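Asker: I have a structure I would like to understand better, so I am pasting it below and will then ask my questions one at a time.
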Amino acid sequence: MAKKTRNWPRIILQWGTMAALVFFLSGLAVKLIPGQDSADPEALCPVGGLQALTTFFVKGSLPCSMSSAQILMGLALAAAVILFSKLFCGYLCPIGTIEDLLTRFGKALGIRMEWPKAGSFADKALRIIKYVLLFYVFYMTVGASELFCKKLDPYYAAATGFKGEIVLWMSVTTVSIVVLGGLFIKRFWCRYICPMGAASNTLKFWLPLIGIGMVWWLLGLCGVKLAWWWLLGAVCLLGYLLEILLGESHLQTLYVVKDDEACTHCGLCSKACPYAIDVVNRRRRITSVDCTLCGECVNACNVDALGISRCSKPAGRKFLRWLPAILAVLLVAAGLLFRSSIELPTIDEKWGVPEGMELQTVRIENLRSVKCYGSSMAFKARMEKVRGVHGVKTFVGSHTVVISYDPSKTTAEKIQEEVFVPSHFRVWSPDPAKIQELKILTIRTEKMYDKLDLNYLGLQFRQTGKSIFGLESEYNCPLIVRVYVSPDEQLDEAWFKEIVEKKVLQMPVHGGGVKETPVDFEFVRMEKGEERISIEDYLHRMFDPFKAEFSGRYPDGDTSVVRKRVEVYEGKPQFIYEVADQDYEKPIIKRGLPFLSNHLSKEEGVIGVYLTLNKSLVPSIQVRFAAPMTAERIWELMTMPRWTITYKVDEVREEDARMKFDKPGICYPYE
C-alpha cells in the first residue's frame, strides 16, 4: 500500500496557532508591530466569550476584561459546533496540540495505556467531571462578574508563567493533569476535564437544548420563577446524559463518511483517532460526539475509504480534507472582522426612574478611565450622586458611556461638567535655580473629557522638545487648558493646533518598539494674552499631596472615646521625621504610601504620614510623631524588609515592604 502523506491541514493550523501565541505572548509583537500593546492570553478565548454572554444575559453586565473579540469567538465556537463540528478543539486549541504531542512522547517512551476503553463504565463516569466544571466555572463567573476560568485554566497559567489571575493550587493541578493524563491516555484533558469540551459536546445537541430553554421560559410565564442556574444545571445534566447514553449527534452538516465497500477493516483509522473513536467498526457516517473533523482517520486510510462530506462515497472528494481547516480559519476571521462593529455594554444600570418619565441620553466618548467592570461601577457610583441622572450604560472597549437623565432636572452640558475631572500633568520639571517664573498660555479644546486625556496631550507636547513644563485643565465649553512654558518660548496658535490635533500618540516602549495610542482631540482657539507665575507657586499647583492621620493608642489609656491623635497629642511636644527625594512624586513610588502609613499607624506616638513639598521644594515623606515614638524607631520601621498591613479588623498580614529607603532623614520640631 502507498504510504500516506501527513495531515497538512491540521499540522499547519495547529502549529500556526502555537507560533502566533508565542509571537504575541513573548512580547515580540510589542517590539515589532507599531501600536501593539501587551497581549492578553485570554483575548480570543471562545469559552470566555460564552461566559461573558451568560453573565450579560443574567446580570446585564460583562465580566472584567471581556471584549467583543472574545464574545464573537464564543459565537464562532457555537456556530462551528452547531453547523459543522468541534473545529476549535481539532485545529486551534493549544492544549489539544500539547495533548497530541504528549501522546506521541508517551508512545516513544513505551507507554501504551488503553484504559479507559471508549463506552466503558469508567469512560462514562469520568466524562461527568467536565460537566461539573462547566457548571462551576459559569456559576462562579456570573456571581463575581470576572472570568473564573482564569483561576484554573492550564493554558492561561502557562502563558502567564503562573503570574496571572490564578489560584496556584488549581493551576498546578490542571497543568499536572494535562501533562500526566496526556502521557498515558489520548486527549485525557479534552475527553474528561475540559469545560469547553463539555460546552462543545452539549452544543452538538442543539435541538434538545432549545427544548429545555423553552420549558424554562414557559415555566417563567406560568409563574414558576426558577433562578438562572437551574437552567445552567439542566443544560449541563442534559449534555452529560446525551453524551453517555447516545454518544452520537446527527444534527451537524459535515461528517467523516466511510465507504464500507472500499474499507478493508485494517483498523489504522481507529488507531489514528485522537479521541480513540472506533471508526473501523462504524458504518457510513462517523457521528460520535467526540469527533472534531480533525481528519486523522481520513489521512491514515490507505484505500481512500474515508472522507469528509455528507455523502457516503468519499472517493473523489480528497479536496474536502481541507474544508474543516478552511472553515475554522473563516470563522475566526469573521469573529475578528466583526469585533469592532458589535459591542455589548459592560453595565446597563437604571435607578429611581418614576413611572411614566421619559429620559433623555447623552453619549460621552474617549473616557479611558472607564476600562472594565470595576471602573464602570465606580463611574456609576459617581453618577448616582448627580441630580437628575437615572441611568448609566458603559462600553469599555470604546471607552464610551451613555447617561440617561431627566431633562426637567438637568442638562447634557451639566452632566458633561460632572463627568469631567480637572487634572494637571507635569511635562518637564523646571530647575528653580535657573528659572524663577513661568509663562501661562491658555488654549481651548474639545473631546477631552477624561482625566487621562491631559496626560496624552502632555506627552504630545513633550515630544516636541519645546520648553513646556506643565498642563492644567478646567471645565468649560470649550475646555480650558493652561500651558506652563518658559518665558522665552514663543508658541503661536498654528503650532498648538498642529500638535493638539495629531491623531496618534507614538511612545517608545521599554525594550524597543513604539506604542501607538489613537487620540482625537480638537483644537478650538488660543486665548489672547498671557499670565506669569512663580516657580514656587507652580510647583505647589502641580504637586499631588498625600495625607493620612490616625486615631487610637492614647497615652492616658482612655479608649472609651474614639479620638484623632492630633487631638490626643495636642499641647505635647511633636516632631517631624522627613525623608526627601525627587522620585517620591512619581506615581509608581506614591502607590506605596498607603501601605507605609498603614504599617506605621500601629505604633504609639505616630500621628500622621504626609507627602508634601519641603522648604526646598523637594517632595518629602514626613512622619509627624510625639513621645514615646522616636526618630530612630521611625527609621527602623520604615526600613523593615516586611511590613504589617491591616486590611480588615480580622485580616492582618505580613508583607514585603512596598517602598525602599536608602538614606536616613532629618528630624525637627513640628511647628
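Nothing in this text is a laboratory measurement; each read-out follows from the coordinates by a stated rule. Bear in mind the structure is a predicted one, so any value in this text is a computation, not a measurement. Cβ atoms come from the backbone with ideal geometry, glycine included; neighbour counts cover every protein chain shown.
Asker: Sort out for me the Cα centre separation of the range 73-90 from the range 478-536, rounded to whole Å.
Answerer: 49
Asker: Next question, about the same structure. Report, in listed order, any pair from LYS380/LYS503; LYS371/LYS439; LYS602/LYS663; LYS150/LYS547 with a Cα-Cα distance greater than 26 Å.
Answerer: Exceeds cut-off: LYS380/LYS503; LYS371/LYS439; LYS150/LYS547.
Asker: With each pseudo-label sitting 7 Å past Cα toward Cβ, what's the GLU654-ILE342 distance in nm, one decimal?
Answerer: Distance between the two pseudo-spin positions: 5.3 nm.
Asker: For the range 538-543, just list the computed ³J(HN,Hα) in residue order, Karplus coefficients 6.51, -1.76 and 1.60, θ = phi - 60°, integers in Hz, with x standing in for Gly and Pro.
Answerer: Using θ = phi - 60°, the values come out as 4, 4, 5, 5, 7, 8 Hz.
Asker: Kindly state, to the nearest 0.05, the FRET efficiency for LYS414 paired with ASP520, given R0 = 35 Å and r defined as their beta-carbon distance.
Answerer: Once the sixth-power term is evaluated, E becomes 0.90.
Asker: Out of the trypsin sites (Lys or Arg not before Pro) in the range 609-671, which ones are loop residues according to DSSP with at most 14 other C-beta atoms within 10 Å?
Answerer: LYS615, LYS660
Asker: Using every alpha carbon pair in the range 424-540, what percent of pairs falls into each 10 Å bin from 0 up to the bin containing the largest distance?
Answerer: In whole percents, the pair-distance histogram is 13, 47, 31, 9, 0.
Asker: On to the next question. Output the peptides 482-489, 225-232, 150-157 sorted from most to least packed, where packing is the average of other Cβ atoms within 10 Å over each peptide's residues.
Answerer: Result, highest mean Cβ count within 10 Å first: 150-157, 482-489, 225-232.
Asker: As a test of the formula, what do you get for the chain when each DSSP H run with n ≥ 4 contributes -39,500 (n - 2.57) and the sum is divided by the residue count, at 222 nm and rounded to the nearest 500 deg cm²/dmol?
Answerer: It comes out at -11500 deg cm²/dmol, rounded to the nearest 500.
Asker: Can you tally the net charge around PHE56? Count Lys and Arg as +1, Asp and Glu as -1, for every other residue whose Cβ sits under 14 Å from the Cβ of PHE56.
Answerer: The answer is -2.
Asker: A further question on this structure: Report the calculated FRET efficiency for HIS250 and GLU355 (r = Cβ-Cβ distance, R0 = 51 Å), to the nearest 0.05.
Answerer: Once rounded, the FRET efficiency stands at 0.50.
Asker: Sort 132-138, 177-183 by the packing proxy (mean of other Cβ within 10 Å over each peptide's residues), most packed first.
Answerer: 132-138, 177-183
Asker: With an 8 Å Cα cut-off and a minimum separation of 6 or more residues, compute the relative contact order for the chain in percent.
Answerer: 11
Asker: Now for a separate question. What net charge do the residues around THR141 carry, taking every other residue with its C-beta under 15 Å from that of THR141, with Lys and Arg at +1 and Asp and Glu at -1?
Answerer: For residues surrounding THR141, the net value is -1.
Asker: Moving on. Enumerate by residue number the GluC sites (Glu not before Pro) in the range 321-360 meeting two conditions: DSSP loop (anything except H, G, I, E, B), and at most 16 other Cβ atoms within 10 Å of the site's Cβ.
Answerer: Of the GluC sites (Glu not before Pro), the ones in loops of the range 321-360 whose Cβ has at most 16 other Cβ atoms within 10 Å are GLU343, GLU355, GLU358.
Asker: Suppose the chain between ARG387 and TRP428 were pulled fully straight at 0.36 nm per residue; how much longer would it get relative to their current alpha carbon spacing?
Answerer: 10.8 nm
Asker: Across the range 119-125, in residue order, what do the Karplus-derived ³J(HN,Hα) couplings come to in whole Hz, using 6.51 cos²θ - 1.76 cosθ + 1.60 with θ = phi - 60° and x for Gly and Pro?
Answerer: x, 6, 4, 4, 4, 5, 5
Asker: I've got another one for you. What list of ³J(HN,Hα) values in whole Hz, one per residue of the range 177-192 in order, does the Karplus curve 6.51 cos²θ - 1.76 cosθ + 1.60 (θ = phi - 60°) give from phi, with Gly and Pro shown as x?
Answerer: Using θ = phi - 60°, the values come out as 5, 4, 6, 5, x, x, 5, 9, 10, 4, 6, 4, 4, 5, 6, 10 Hz.
Asker: Once both labels are modelled 7 Å past Cα along the beta-carbon direction, what's the ALA378-ARG284 spacing in nm?
Answerer: 6.2
Asker: Give me the one-decimal nm value for the distance between modelled label points at GLN436 and GLU536, 7 Å along each residue's Cα-to-Cβ direction.
Answerer: Between GLN436 and GLU536, the simple spin-label model gives 1.3 nm.
Asker: Something else about it: Highest mean first, what order results for 409-417, 41-49, 322-330 on Cβ atoms within 10 Å?
Answerer: 41-49, 322-330, 409-417
Asker: For LEU126 and ARG591 in the same chain, what is the full-extension length gain: residue separation times 0.36 nm, less their Cα-Cα distance, in nm?
Answerer: Result for the pair: 162.6 nm of gain on full extension.
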